[in-house]
1. Would you calculate the volume per residue, in Å³, of the smallest convex hull containing every Cα atom of segment 73-167?
2. Taking amide H atoms as placed 1.01 Å from N in the peptide plane, list the residues 5 or more away in sequence, or in a different chain, whose amide H sits under 5 Å from that of Ile129.
3. Just to confirm the number: angle between the C-alpha axis of helix 137-166 and the first principal axis of the chain, 0 to 90 degrees, nearest 10?
4. Taking the chain as the reference, fit the longest principal axis to its C-alpha atoms, fit the long axis of helix 47-70 to the helix C-alpha atoms, and give the angle between the two in degrees, 0 to 90, nearest 10.
5. Considering all projection directions equally, how large on average is the shadow of the alpha-carbon convex hull of the chain, in square nanometres?
6. Can you tell me the relative contact order of segment 1-144? Whole percent, Cα pairs under 8 Å, sequence separation 6 or more.
7. Relative to the first principal axis of the alpha-carbon coordinates of the chain, what is the inclination of helix 88-120, with its axis defined by its Cα atoms, in degrees from 0 to 90 and to the nearest 10?
8. Taking θ as phi - 60°, what are the ³J(HN,Hα) couplings along segment 20-27 by the Karplus curve (6.51, -1.76, 1.60), each to the nearest whole Hz, with x for Gly and Pro?
Amino acid sequence: MFSKILGVVDKILSFIEDWVLFFATMAALISLFFAVILRYGFNYSLAWSEELVREVIIVTTFIGCSAAIKARSMIKIDALVQLVPKLKTPLTFFSNLVAMVFAIMMIYYGWHMAALQVATQQKTIILEIPLVYLYAVLPTMGVMMVFRLIQVMYEDVQELRKPAESV
């Protein structure tokens with residue numbers, strides 16, 4: 001039952017990650033393409049394209065954290081695992097727990113930062129995008145990371161059970 005729930009959550013999160021990352025990156029690439037063409041071809045500069053790219057980098061970085069957990073490509077220092085291979089499992093769980101603490105902190109503090117932006121009603125300078133949308137990415141990323149970490153930790157536990165069951 002739990003694995004079915006994780007499967008559904010995985011499909012939903014994968015859909016969100018893939019399409020948000022795709023559309024955000026395409027928007028940045030298209031705006032940069034036209035900015036370069038206009039700057040060097042017509043000696044005209046788009047002020048908003050740089051701001052858009054900056055906001056896209058923010059969004060893709062945070063949404064990409066969730067995708068990186070699923071792909072198991074978070075940055076790690078594995079020198080100790082290389083020296084003592086038996087420590088791989090405990091260090092992997094420790095790494096996941098530290099990432100879980102980080103995700104929970106992002107939910108908590110990101111929520112407060114987004115609430116502050118609602119109260120102050122600040123907007124970006126050129127595009128006038130309400131900053132609450134950008135700050136709302138923080139708790140969203142935290143929730144996505146928590147689900148991904150639960151999924152990864154469940155898969156790790158299932159892997160550990162396989163050899164024990166076959167013996």
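Values quoted throughout were computed directly from the atomic coordinates according to the rules given, and no laboratory measurement underlies them. Model, not experiment: these values are computed from the prediction. Counting neighbours? That spans all protein chains shown, and the Cβs are built from the backbone with ideal geometry, glycine included.
1. 116 Å³
2. For Ile129, whose amide H was placed from the backbone, the distant partners under 5 Å are Thr124.
3. 20 degrees
4. It works out to around 10 degrees.
5. One quarter of the hull surface, i.e. the mean projection, equals 13.4 nm².
6. 24 percent
7. Taking the Cα atoms of the chain, the angle to 88-120 is about 30 degrees.
8. Values per residue, Gly and Pro as x: 5, 5, 5, 5, 5, 5, 5, 4 Hz.
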